[in-house]
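The values are calculated or read from the model by the stated rules, or taken from the named source; none is laboratory data. What you see is a predicted model; the values in this text were computed from it and never measured. Every residue, glycine as well, gets a Cβ built from its backbone with ideal geometry; the counts of neighbours run over all protein chains shown. To get the accessible areas, we keep the full protein, side chains included, count just its heavy atoms, and leave off ligands, DNA and RNA. Shrake-Rupley method; radii C 1.70, N 1.55, O 1.52, S 1.80 Å.
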Amino acid sequence: MRCDRCPEDAVVDQPYRGAHLCERHFSDSVRERFRRELHRQLPKFSHGTVAVAVSGGKDSAVALALSASYFARRPTVRVVALTVDEGIEGYRPATLVRAAELATSLDLEHRVVRSRDRLGVTTDGMAKAFPGTVPCSFCGVWRRRLLNSAAKDAGADVLVLGFNLDDLAQTVLMNFARADLARMRRMAPHGHRQPGLVPRIAPLATVPEREVYLYARLRGLPFDHGECPHAGAAARNVYREVVWRLEEAFPGTRHALLRSREQILDALDGPDGEGAPGRCIECGEPSTGPRCRSCEYLRVARSTLIEAGGS
Ligand code: SF4
Ligand SMILES: [Zn+2]
Ligand SMILES: [Zn+2]
């Protein structure tokens with residue numbers, strides 16, 4: 001198959017827009033979609049600090065590399081890489097090495113925040129203490145909290161996340177299926193500022209997962225292929241399968257899910273919409289209840305771990 005824009009062989013097909021692209025035009029198109037989304041989600045940003053959450057996987061590797069290249073033309077913008085170490089043996093140590101390798105190759109500051117140091121808990125410790133639970137529920141909540149505080153510590157004006165089109169389409173569908181409009185409103189990318197929360201943006205929002213992977217491979221970015229040992233229990237796996245099947249049958253469904261979210265929020269939101277959170281009475285972070293979910297989980301964790309005599 002030929003590239004639509006030149007005589008070269010195509011390396012990717014894009015059924016959702018009926019296109020085929022060679023390596024050069026594909027790479028240009030990823031950069032262009034990133035640039036357009038960044039500009040849309042973060043308009044007129046010309047000075048300040050951009051933190052990029054880097055897990056060591058392909059998505060955040062591409063988000064970091066493209067952020068570094070995009071802001072390289074603006075010397076008044078500082079880019080910092082942040083990684084959370086949740087304490088997951090057999091997975092996190094290798095990804096930390098990759099994240100550090102990438103940040104060093106891009107000549108960027110890299111900060112690692114450890115759940116054990118900051119919160120006194122680890123995901124492995126919790127999974128052991130609560131064998132019947134899905135670790136992603138507390139692990140994801142704590143990671144968001146740690147990233148937010150690390151971004152604040154770094155003086156960041158914005159936090160870039162590596163979510164791709166598939167990730168976001170799955171999250172939109174999950175929130176629809178759970179009738180959770182509040183969470184739909186809180187998910188990245190953020191339309192407006194929420195007090196206490198460094199705004200999160202997702203400039204890879206229009207790039208499908210397999211294209212992010214292909215771009216990372218073609219650019220030779222260091223990333224780890226490992227999968228978290230706790231991932232098997234996640235509800236997201238079901239939604240990943242459903243979104244994949246919908247996209248196969250009806251190309252463009254993922255983009256439509258994202259547009260549905262935006263249209264619903266546009267219809268519901270004012271600038272100070274009713275979803276604007278208050279503050280947690282324990283940690284002071286944004287919260288829709290008296291205590292944030294992170295502190296709720298920590299209370300349960302600490303009481304159980306103290307009873308059990310360790311983390
Ligand atoms: S898969 Fe779940 S447990 Fe593993 S790092 Fe992600 S959120 Fe945490
Ligand atoms: Zn071409
Ligand atoms: Zn709290």
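Brief remarks follow.
- Qualifying residues in segment 123-151 (those that are touching a strand residue (DSSP E or B) at 6+ places or on another chain (Cβ under 9 Å) and open to solvent by 10 Å² or more (accessible area, probe 1.4 Å)) - the one farthest from ligand 2 (Cβ to nearest atom): Ser149
- Restricting Ala127, Ala150, Ala177, Ala154 to residues that are under 29 Å from Ser260 (Cα atoms) and of a type in the set (A, V, I, L, M, F, W, C) narrows the list to Ala177.
- In segment 250-262, the residues that are surrounded by 14 or more Cβ atoms within 10 Å (Cβ to Cβ) form Cβ pairs under 6 Å with partners that are among the acidic types (Asp, Glu) and assigned to a helix (DSSP H, G or I), at six or more places apart or across chains, as follows: Thr253/Glu247; Arg254/Glu247.
- Among the residues of segment 210-225, those that are crowded, with 17+ Cβ neighbours inside 10 Å and in a helix (DSSP H, G or I) comprise Glu211, Val212, Tyr213, Leu214, Tyr215, Ala216.
- Taking strands (runs of 3 or more DSSP E) as the structural unit, those lying wholly within segment 1-93 and holding at least 3 residues that are within 16 Å of ligand 1 (Cβ to nearest atom) correspond to 77-85.
- Top-ranked residue in segment 276-311 [being within 16 Å of ligand 1 (Cβ to nearest atom) and polar (S, T, N, Q); ranked as modelled with the highest pLDDT]: Ser294
- With respect to the conditions (1) open to solvent by less than 20 Å² (accessible area, probe 1.4 Å); (2) assigned to a helix (DSSP H, G or I), Leu96 falls short on a single one, namely (1).
- Scanning segment 30-55 for residues that are under 16 Å from Asp107 (Cα atoms) and surrounded by fewer than 24 Cβ atoms within 10 Å (Cβ to Cβ) yields one hit, Thr49.
- Annotation note: Cβ proximity below 7 Å between a residue of segment 226-246 that is part of a helix (DSSP H, G or I) and a residue that is among the β-branched types (Val, Ile, Thr) and open to solvent by 50 Å² or more (accessible area, probe 1.4 Å) (sequence gap 6+ or interchain) occurs for Ala233/Val134.
- Leading residue by the ranking (farthest from ligand 3 (Cβ to nearest atom)) among those in segment 181-209 that are open to solvent by 40 Å² or more (accessible area, probe 1.4 Å) and either under 28 Å from Phe130 (Cβ atoms) or free of Cβ contacts under 8 Å to residues at least 40 places away in the same chain (or both): Arg193
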